[in-house]
């Protein structure tokens, strides 16, 4: 026997979020209230609550409150997503917890994998777990496929489903409140209906770096080879490129902008309207040259990029790590290699998909490509 979404939502044992024991088990179907003592029209989550109430997906508590700051359990959130997707919910078996049919429906639909978690259903759901469920809800290609948590979080942020916290941080281990859950499910419904959302650029950048080692797609719309990768950087050294951060120096709210207190360009020109590319590189010597040390900038170059350094020189920024490599076999050092890119040049580069993201080494006879021929934007003059 199957119960439709509407039947389940209005006659299943209780109003969705009153409590696990009460609201999910024994309340009769009643008209949804659209006003609550503890929800104001000026609250950031107000419109989402109203939307879900009008769709008869949620209701409040018998005392006339919604309790927006109360944590929401794994079971409650999964039920809400099931109903939003209008999944067929199987009838529950005698003696089974109220949430059993919703788990079965979610697993069958592919929006929840038992390997993610398969117990502690009354436990508050965290933001990582919400990201997994919601991004699968809007993208069937991510269901029942092998995907990492970092990929799912990135997919959720770039679609605008998951936003960052105060500073854009992802807060993946933080538990979700009912208010946050309402907003996220509202966004899921928007995407499912063909609408679009505005992504939180900071959150998407942080998530993309965690997934790919770079935020180049978030910042530029480009695609490059995955990090880390290792290439020769000279006839006597290799470099393992671990990350590449793109920072808009003109935007104080740009992702990672707080890592740049100030800057010095090697050519002495202004950097304030440039992009900064920060490469995290482990340099390793493959040969020995007596009494020889080299900076990475002495081994690689690019005609579109200007070498830069964090200022003041004693800054505690993690990007302020400019060190030499002793050319002694098996010696290693990890650095941040910083270069700026002029935005005017960048506009032409992007429009024409010029060969751009690469480094020359050994008198320009060899190149390190971050994508085929250094073209990262597709189309153009391929």
task: Return yes or no: is residue 95 surrounded by fewer than 23 Cβ atoms within 10 Å (Cβ to Cβ) and free of Cβ contacts under 8 Å to residues at least 12 places away in the same chain?
output: yes
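Among the residues of the range 32-54, how many are in a loop (DSSP other than H, G, I, E, B) and either under 19 Å from residue 85 (Cβ atoms) or free of Cβ contacts under 8 Å to residues at least 60 places away in the same chain (or both)? Step through it out loud before you land on a result.
Taking the range 32-54 and keeping what is in a loop (DSSP other than H, G, I, E, B), we get 32-45.
Right, trim to either under 19 Å from residue 85 (Cβ atoms) or free of Cβ contacts under 8 Å to residues at least 60 places away in the same chain (or both) and you get 32-42.
Final tally of qualifying residues: 11.
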If we ask which residues in the range 309-339 are closer than 22 Å to residue 231 by Cβ, within 31 Å of the chain's Cα centre (by Cα) and in contact (Cβ under 8 Å) with a residue 40 or more places away in the chain, their number turns out to be 8
When (1) within 26 Å of residue 268 (Cα to Cα); (2) assigned to a loop (DSSP other than H, G, I, E, B); (3) touching a strand residue (DSSP E or B) at 6+ places or on another chain (Cβ under 9 Å) are applied to residue 335, the one that fails is (2)
- Task: Kindly check whether there is at least one residue in the range 157-171 that is in contact (Cβ under 8 Å) with a residue 40 or more places away in the chain and either in a helix (DSSP H, G or I) or out of contact with any helix residue (DSSP H, G or I) (no Cβ under 7 Å at 6 or more places or on another chain) (or both).
- Result: yes
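Going through the range 147-170 one residue at a time, which ones are over 14 Å from residue 135 (Cβ atoms) and surrounded by fewer than 17 Cβ atoms within 10 Å (Cβ to Cβ)?
The answer is 165, 166, 167, 169.
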When (1) out of contact with any strand residue (DSSP E or B) (no Cβ under 9 Å at 6 or more places or on another chain); (2) outside any loop (DSSP other than H, G, I, E, B) are applied to residue 340, the one that fails is (1)
**Request:** Report yes if residue 184 is surrounded by 21 or more Cβ atoms within 10 Å (Cβ to Cβ) and not in a helix (DSSP H, G or I), otherwise no.
**Result:** no
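All of the numbers you see were taken from the coordinates with simple rules; none came from a lab. Quick caveat: nothing in here was measured; it's all calculated off a predicted structure. Neighbour counts run over all protein chains shown; Cβ positions are idealised from the backbone, glycine included.
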